[in-house]
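Engineer: Sharing a structure with you now.
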Amino acid sequence: MDFMQILAIVIPSAILTATPLIFTALGGVLCERSGVVNIGLEGLMVVGAFSAAIFTYFFEQHGLGAASPWLALLIAGLLGGVFSIIHAIASISFRAEQVVSGVAINFLAQGLCLFMVKLLFDGKGQTPYIAHRIDKIDIPLLHDIPIIGPLLFSNVTYISYIAVIISFFVWYVIYKTPFGLRLRSVGEHPQAADTLGINVTKTRYIAVILSGVFGGLGGGVYLVTIASNYSVSTIAGQGFLAIAAMIFGKWHPVGAMGAALFFGLAQSLSITGQQVPVLNHLPDVFLLIAPYVITILALAGFVGRADAPKASGIPYIKGKR
Amino acid sequence: MTKILKNVHWFNIIVPIIAVILGLLVGAIIMLLTGYNPILAYQSILESVFLQPYYTGETIRAIIPLILTGLAVAFAFRTGLFNIGVEGQLLVGWFAAVAVSLMFSGLPKLILLPLAIIVSALAGGLWGFIPGLLKARLKVHEVIITIMMNYIALYTTNYLIKHFLYAEGEKTPNIPEAASLASTFLSNLTQGSRLHWGIIVALLAALIVWFLLWRTTKGYELRAVGYNPHASRYAGMNVKNNIVLSMVISGALAGVAGSMEGLGTYQYMMINSTFIGIGFNGIAVALLGMNTSIGVIIGAALFAILQTGSITMQSTAGVPTEIVSIIIAVIIFFIGSSYIIRWCLLRVTKGGK
């Protein structure tokens, strides 16, 4: 097997694995930039995956065919946003310890979704498999381009390109728009932002809900591209992996996307690595733990210092210095 | 305003109680909305746990690791640290205990059993040492590091089992009798439950934690660092070392919790596709127990009752067991949001002044 063939297996698979992580990590970036820690991203992904499974199935039953997963994704994002309001209320209005609230979100999402599955499907622990996934395709014309064609335009899903485009869009929003400036100022120094007339509470609410939308989308994308049905083990750590990507990407949308792609590569290598010479002698455990080890090294300052937004994790209490 | 609230002592006790009531209430509302009978459900939980010896035994069995993980989280909380990595520390402790008992299976029980528990504490302690050190020396937030350490623990223990200690059925071989905490006496007493002597270890740990935190100089230092690291440094305490020490002890407690599962409940370790959740439940237990030893025991008992009872609840009232996760989540949510409970209580008790 020559080098190009190896890349043609590994890279499309890495992009596919990374796509849900990109969405969720972007949610994390938006949330933490506003000064709210969101450990609940895992739970939000659960909600997204659950909704995508249920609604794709529902739309298929109503004869919407191949459009079903796309419509279900919209609902997954919507429900993720709705679910994240719980985290927003707790951490912004009720001044809860944000990590505690996030842990509660994770518990609640897992419990509630599985409860609903058992309710809807007569006590079964998983949803039926969906018939229409967002499938891997070769992009017409583009996949014929030599070298980059087989790597970037074959065996991919449209949703992966959307993820990349949205990353740049989020970058534009955070760094080039008045809303983004407000978001960042609220996350760095809420007192100063408040003095300048920025509504800290409102800005943080928007950010948390947006993170819910992105988390829901991330979970939904994972379901309609990779998992195909929802059960207790569908979302097992992808949310935390997305948080790791956010940190390794230094709380920057494009950085987070890059980190997600890199982690996707590590994850997909742990699966496809068996087909790759050299790597098939390496125990898969190294690839599995690589993202987490790298994140720890990044935080410790060995791989470029990563610093969180200053006010991250601290509830804002008006008038308190 | 908030200062006055913090000083009012009885709020500290009333908040967890209200949180539990709200949790059970939300659970009941969800059951009503989905067409189940909440009274029958809660009744079946209580009946199975308190009237059927087998389930009583299983409940006490479930309390054991919950006390230890609850203590682990609570201990770190006291030093101002949020150890969300109990889950991972538990897994490495579990693996270490099982591995040691298999490796030295020839040793007599008097040596092997304590050795296995100590090694599990060391392994868990090591898993807590890394985030502690990074926090103390480089000011890296322990929450993120411990989450990452959880996954490293999960994948590493799975790998080690698969390649070095593999037995039929995706697990390690059973540990030798000399390392086992299981007891036919306790089992017969409770009609064949998996209750084991670990309950003594757990209660002993609760006592030691209480003594260490409230009756020793080191414990005073650890708590002082939790209250106010700057003042502690000014008073001449070594804040960095205390942070590391706190994480190591917390991790060690979590490691011992793992050994309870390995040496007591299961007698082996399985390959886990995902986390088993006892560590995460420890967070809820610690929060509910207000980070005190006695509170942790009560909290662990409550969650163990809910979890063990939920099996009977599913068969008699038809309610899926997941309702328990929902109730636990709501309890965590309201304890986390204690500010709003305090605020409401103050409105009610002081007539809106």
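Engineer: B:T184: accessible area at probe 1.4 Å, nearest 10 Å²?
Structural biologist: 110
Engineer: For B:R215 and B:S183, what does the FRET efficiency come to when R0 = 22 Å and r is the distance between their Cβ atoms, rounded to the nearest 0.05? Kindly include the intermediate steps, with their values, before the conclusion.
Structural biologist: Numbers: r = 31 Å, r/R0 = 1.42.
Calculated transfer efficiency: 0.10.
Engineer: A further question on this structure: Projecting each Cα onto the charge dipole of the range B:65-296 (Lys/Arg +1, Asp/Glu -1 at the beta carbon, about the Cα centre), which of B:I118, B:A286, B:T274 comes out farthest on the positive side?
Structural biologist: B:A286
Engineer: Could you give the angle, 0 to 90 degrees to the nearest 10, between helix A:68-88's Cα long axis and the longest principal axis of the Cα atoms of chain A?
Structural biologist: Roughly 30 degrees between the two axes.
Engineer: Are there any helices in chain B, counted as whole DSSP H runs, that stretch 18 Å or more along their axis by Cα and score at least 0.5 on average by Kyte-Doolittle, and if so which?
Structural biologist: B:10-33, B:38-51, B:53-78, B:86-103, B:109-138, B:142-164, B:198-215, B:239-259, B:293-316, B:323-336
Engineer: Compute the convex hull volume of the Cα atoms of the range A:76-169, divide it by the residue count, and report the result per residue in Å³ as a whole number. Don't skip to the answer; put the middle values down first.
Structural biologist: Details: hull volume 15.5 nm³, N = 94.
It comes to 165 Å³ per residue, whole-number rounded.
Engineer: According to the Cα gyration tensor, what semi-axes, each the square root of 5 times an eigenvalue, does the equivalent ellipsoid of the protein assembly as shown have, listed from largest to smallest in whole Å? Display every interim value, and only then the final one.
Structural biologist: Working: eigenvalues 278, 195, 148 Å².
So the equivalent ellipsoid measures 37, 31, 27 Å along its semi-axes.
Engineer: With Rg and the Kirkwood Rh both taken from Cα atoms, where does Rg over Rh land for the range B:209-333?
Structural biologist: On the way: Rg = 18.3 Å, Rh = 17.1 Å.
Taking Rh as the inverse mean 1/r over Cα pairs, Rg/Rh reads 1.07.
Engineer: Can I ask one more? Expressed as an acute angle from 0 to 90° and rounded to the nearest 10, what is the orientation of the C-alpha long axis of helix A:3-33 relative to the principal long axis of chain A?
Structural biologist: Here the helix axis deviates by roughly 20 degrees.
Engineer: If R₀ is 35 angstrom, what is the calculated FRET efficiency for the pair B:F104 and A:I271, using the beta carbon separation as r and rounding to 0.05?
Structural biologist: Values: r = 37 Å, r/R0 = 1.05.
About 0.45, to the nearest 0.05.
Engineer: Which order do B:Y155, B:Y220 take when ranked by solvent-accessible area (1.4 Å probe, heavy atoms of all protein chains), largest first?
Structural biologist: Details: B:Y155 45, B:Y220 130 Å².
Largest accessible area first, the residues go B:Y220, B:Y155.
Engineer: How do A:D122, A:D194 stack up against each other in accessible area, from largest to smallest, with a 1.4 angstrom probe? Write down the numbers at each step before the final one.
Structural biologist: Values: A:D122 140, A:D194 35 Å².
Descending order: A:D122, A:D194.
Engineer: Please report, in debye to the nearest 20, how large the charge dipole of the protein assembly as shown is about its Cα centre when each Lys and Arg carries +1 at its beta carbon and each Asp and Glu carries -1 there.
Structural biologist: Details: 37 positive and 23 negative charges, 569 e Å.
Around 2740 debye, computed over the protein assembly as shown.
Engineer: With an 8 Å Cα cut-off and a minimum separation of 6 or more residues, compute the relative contact order for the range B:110-214 in percent.
Structural biologist: Values: 44 pairs, mean separation 20.8, N = 105.
Computed over the range B:110-214, the figure is 20 percent.
Engineer: Going by accessible area, probe 1.4 Å, with all protein chains left in place, what is the ranking of A:Y161, B:Y166, largest first? Display every interim value, and only then the final one.
Structural biologist: Values: A:Y161 60, B:Y166 110 Å².
Most to least solvent-accessible, the answer reads B:Y166, A:Y161.
Engineer: Sticking with this structure for a sec: P(r) tail for the range A:43-119, what percent of Cα pairs lie past 22 Å?
Structural biologist: Numbers: 908 of 2926 pairs.
Percent of Cα pairs beyond 22 Å in the range A:43-119: 31.
Engineer: From the residues B:M237, B:S315, B:M247, which one has its Cα farthest along the dipole of the range B:208-343 in the positive direction, the dipole being from +1 and -1 charges on Cβ of Lys/Arg and Asp/Glu about the Cα centre?
Structural biologist: Sorting the options by dipole projection puts first B:M237.
Engineer: Let me know the shape class of the range A:13-239, please: from the alpha-carbon gyration tensor, a ≥ b ≥ c as square roots of the eigenvalues, rounded when a/c is under 1.5, otherwise prolate if a/b is greater than b/c, or oblate.
Structural biologist: On the way: a/c = 2.45, a/b = 1.28, b/c = 1.91.
Since a/c reaches 1.5 but b/c is at least a/b, the shape of the range A:13-239 is classed as oblate.
Engineer: Let me make sure I get this right: for the range A:162-314, a, b and c are the square roots of the gyration tensor eigenvalues over alpha carbons, sorted descending. Under 1.5 in a/c it's rounded, otherwise prolate if a/b > b/c, else oblate. Which is it?
Structural biologist: Numbers: a/c = 2.52, a/b = 1.76, b/c = 1.43.
It comes out prolate by the Cα gyration axes.
Engineer: If you fit an axis through the alpha-carbon atoms of helix A:178-188 and take the longest principal axis of the Cα set of chain A, what angle between them do you get, 0 to 90°, nearest 10?
Structural biologist: Approximately 70 degrees, to the nearest ten.
Engineer: With chain A treated as a Gaussian network of Cα nodes joined by springs under 10 Å, which of A:R33, A:R184, A:R95 yields the largest mean-square fluctuation?
Structural biologist: A:R95
Engineer: Over all residues in A:282-288, what is the mean tally of Cβ atoms on other chains that come within 10 Å of each residue's Cβ?
Structural biologist: Details: counts 0, 3, 3, 9, 3, 1, 7.
Counting other chains' Cβ atoms within 10 Å and averaging over A:282-288 gives 4.
Engineer: While we're on this one: Could you grab the relative contact order for chain A? Cα pairs under 8 Å, six or more apart, rounded to a whole percent.
Structural biologist: 36
Engineer: Subtract the Cα-Cα distance of A:D135 and A:H189 from 0.36 nm times their separation in residues, and report this length gain in nm to one decimal.
Structural biologist: Working: separation 54, 0.36 × 54 = 19.44 nm, distance 4.42 nm.
Taking A:D135 through A:H189 to full extension adds about 15.0 nm, to one decimal.
Engineer: With all distinct Cα pairs included, what does the Kirkwood hydrodynamic radius of the range B:122-196 come out to in Å, to one decimal, could you say? Kindly include the intermediate steps, with their values, before the conclusion.
Structural biologist: Working: mean 1/r = 0.0641 Å⁻¹.
So the Kirkwood estimate lands at 15.6 Å.
Engineer: Once a ≥ b ≥ c are taken as the square roots of the eigenvalues of the Cα gyration tensor of the range A:1-145, is the result rounded (a/c under 1.5), prolate (a/b larger than b/c) or oblate (a/b not larger than b/c)? Walk me through the numbers on the way to the answer.
Structural biologist: Details: a/c = 2.33, a/b = 1.36, b/c = 1.71.
Note, shape of the range A:1-145 comes out oblate.
Engineer: Given A:A14, B:L24, B:I60, which one lies farthest toward the positive end of the charge dipole of the protein assembly as shown, if we put +1 on the Cβ of every Lys and Arg and -1 on the Cβ of every Asp and Glu?
Structural biologist: B:L24
Engineer: Sticking with this structure for a sec: Let me cross-check A:W70: its accessible surface, 1.4 Å probe, with only protein heavy atoms counted, in Å² to the nearest 10?
Structural biologist: Here the accessible area works out near 90 Å².
Engineer: For an R0 of 45 angstrom, estimate the FRET efficiency from the Cβ-Cβ distance between A:F58 and A:T177 and round to the nearest 0.05. Mind dumping the intermediate values first?
Structural biologist: On the way: r = 36 Å, r/R0 = 0.80.
It comes to 0.80.
Engineer: Related question: Please give the average number of partner chain Cβ atoms lying within 10 Å of the Cβ of each residue in B:76-84, rounded to a whole number. Please list the in-between numbers first.
Structural biologist: Numbers: counts 0, 0, 0, 0, 0, 0, 6, 0, 6.
If you average over the peptide's residues, the count of other-chain Cβ atoms is 1.
Engineer: Another question about this same structure. If you average the sequence gap of Cα pairs under 8 Å that are 6 or more apart and divide by the length of chain B, what percent do you get for the contact order?
Structural biologist: On the way: 624 pairs, mean separation 123.8, N = 353.
Relative contact order comes out at 35 percent.
Engineer: Follow-up. Highest mean first, how do B:13-21, B:120-128 rank when packing is the count of other Cβ atoms within 10 Å averaged over residues?
Structural biologist: Values: B:13-21: 16.7, B:120-128: 28.0.
Top to bottom by mean Cβ count within 10 Å: B:120-128, B:13-21.
The values are calculated or read from the model by the stated rules, or taken from the named source; none is laboratory data. Please read all numbers here as calculations on a predicted model, not as lab measurements. Glycine gets a Cβ as well: all are built from the backbone with ideal geometry, and neighbour counts include every protein chain shown. What goes into the accessible areas is simple: the full protein's heavy atoms, side chains included, and nothing from ligands, DNA or RNA. Shrake-Rupley method; radii C 1.70, N 1.55, O 1.52, S 1.80 Å.
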